[in-house]
Amino acid sequence: MLDVVVVGGGAMGSAAAWQLAARGAEVVLVERFGPGHVFGASHGASRIFRLVYDDPLYVRFALEASALWRELGDVLTETGGIDHGAFGALPEVLAAAGSPGRLLSAGEAGERWPGFRFDGPVFFHPQSGRIHADRAVTALQGAAEHHGAVVRHRTRVVEVRPLGNSVEVVTEGGVLRARRAVVAVGAWTRKLLGDLIPLTVTEEQPAHFAPLADREWPSFIHHRTGTVYGLATPGEGVKVGLHGGGPVVDPDRRSFQPEPTRLAALRRYVRDWLPGLDADAVEPIHCTYTSTPTGDFVLDRRGPLVVAAGFSGHGFKFTPAVGRVLADLVLTDAAPEPRWVIPVPRKRPTV
């Protein structure tokens, strides 16, 4: 019997396999698709890394992840990052966490980053940047294998059966038996675990826009009605996206076709706020968000199952720290963070 089967070879499952194998567990990681696939939420060349949250829990978690990313090699690039619009108490929260940034006027920021238009103060944080998602998953799986984990691609799991103090993971090719299983399958969580966790899967459509000149492009968040984010993707342009709000989708029935209304909204935004980009030179890209009602993650255990889900479009930056949490939940009696437990279903009141 194995110690652990990790179901899902995206970023979170791969990080869990790394952390578990590094602690001496016998681990098999199974992934439905082949290496480098584009069907989930862990592909591509760019994800934002930032410490900048107005929530101390996530600031601490990002600080932990920052140190762990550096153990994995060339996956994190610091470009600096900016927040503008209604960014609230971000400067105070970051200063309290020991990682202060710098407030700039709109004029100062516009002089430094002429590719943007600003209409108010700008908060700059130097430790923000970009993670190369494809390299990160490859590095995580390589680190897991280095410590003895077995990685099996093209292995579809059709059922996970908790059996008291053990678990059976049923694949199309056979059954794996283990003391524990980690389920980290993103958009397929409800298909595998049913209604255990309230999750919504949406199709999101950021796009790469061509720069008009060779300029510095920090990662950015524009806090407005409908948050907008962006970052440079070397060789592809500047990625700009609307944070959430895409149409609900079945992950097995995605069209991967541009959605005209959302693409038009992105192009309008670029024309209004990013004069350094060509709004007509655009290449749409696609990903999924798997979201909880609150935007908080689910990192919890139920019997022999440990579940990672609901990263709500902001989880990638935390990946290696998520792996540490999942390993703790598997191998120790550590209590889950209360914010990250599986919500208890509530009965509707009777009339």
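So which GluC sites (Glu not before Pro) in the stretch 139-216 end up in coil per DSSP with only 14 or fewer other C-beta atoms within 10 Å?
Hits after loop and neighbour filter: Glu172, Glu216.
Return the loop-located chymotrypsin sites (Phe, Trp or Tyr not before Pro) in the stretch 24-97 (DSSP other than H, G, I, E, B) with at most 14 other Cβ atoms within 10 Å of their own Cβ; answer none if there are none.
Sparse-neighbourhood loop chymotrypsin sites (Phe, Trp or Tyr not before Pro): none present.
Answer with one residue from Gly107, Gln127, Leu199: the one whose Cα lies farthest towards the positive end of the charge dipole of the stretch 70-228, charges on Cβ with Lys, Arg +1 and Asp, Glu -1.
Leu199
Could you please state, rounded to a whole Å, how far the C-alpha centre of the stretch 45-82 is from the C-alpha centre of the stretch 129-154?
The two parts, judged by their Cα centres, are 18 Å apart.
Mind sorting out which of [x] 30, 56, 13, 0; [y] 30, 60, 10, 0; [z] 25, 41, 24, 10, 0 is the real P(r) over Cα pairs in 20 Å bins from 0, in percent computed from the coordinates?
From the options [x] 30, 56, 13, 0; [y] 30, 60, 10, 0; [z] 25, 41, 24, 10, 0, the structure gives [x].
Over the chain, give the accessible area per residue in Å² for a 1.4 Å probe, as an integer.
Details: 15460 Å² over 351 residues.
Spelled out: the 1.4 Å probe surface of the chain, per residue, equals 44 Å².
Restricting to DSSP H runs of at least four residues, report the calculated mean residue ellipticity at 222 nm for the chain, -39500 (n - 2.57) per run over all residues, nearest 500 deg cm²/dmol.
On the way: 8 runs with 86 residues, N = 351.
After summing the helix terms and dividing by the residues of the chain, the value is -7500 deg cm²/dmol.
Within the stretch 1-38, list the residues whose amide N lies under 13 Å from a label point set 7 Å along Cα→Cβ of Glu172.
Zone members listed by number: 31-34.
If the only charges are +1 at each Lys and Arg Cβ and -1 at each Asp and Glu Cβ, what is the size of the charge dipole of the stretch 178-240 around the Cα centre, to the nearest 20 debye?
Working: 7 positive and 6 negative charges, 83 e Å.
Once rounded to the nearest 20, the dipole reads 400 debye.
I want the local charge near Val307. Using Cβ-Cβ distances under 10 Å, sum +1 for each Lys or Arg and -1 for each Asp or Glu among the other residues.
Every neighbour counted, the sum reads +1.
Given the Cα-Cα distance of Glu71 and Thr261 and 0.36 nm per residue of separation, how much length would full extension add, in nm?
Using 0.36 nm per residue and subtracting the Cα-Cα distance, I get 64.3 nm.
Could you work out what % of the accessible surface of the chain is carbon and sulfur, using a 1.4 angstrom probe and leaving DNA, RNA and ligands out of the count? Please list the in-between numbers first.
On the way: 7980 of 15460 Å².
Of the solvent-accessible surface of the chain, carbon and sulfur hold 52 percent.
Roughly how many Å is it from the Cα centre of the stretch 97-112 to that of the stretch 313-334, as a whole number?
32 Å
What net charge is computed for the residues neighbouring Tyr289, neighbours being all others with C-beta under 12 Å from the C-beta of Tyr289, Lys and Arg scored +1, Asp and Glu -1? Could the numbers behind the result be given before it?
Values: positive: none; negative: Glu203, Glu204.
Result for the local shell: -2.
Given a 10 angstrom Cα cut-off, can you work out which residue in Pro100, Pro260, Pro275 is the most mobile in a GNM of the chain?
Pro260
With charges only on Cβ, +1 for K and R and -1 for D and E, what is the dipole size of the chain about its Cα centre, in debye, rounded to 20?
820 debye
The values are calculated or read from the model by the stated rules, or taken from the named source; none is laboratory data. Model, not experiment: these values are computed from the prediction. When we count neighbours, we look across all protein chains shown, and the Cβ atoms used for this are built from the backbone with ideal geometry, even at glycine. Surface areas here come from the heavy atoms of the whole protein model, side chains and all, with no ligands, DNA or RNA. Shrake-Rupley method; radii C 1.70, N 1.55, O 1.52, S 1.80 Å.
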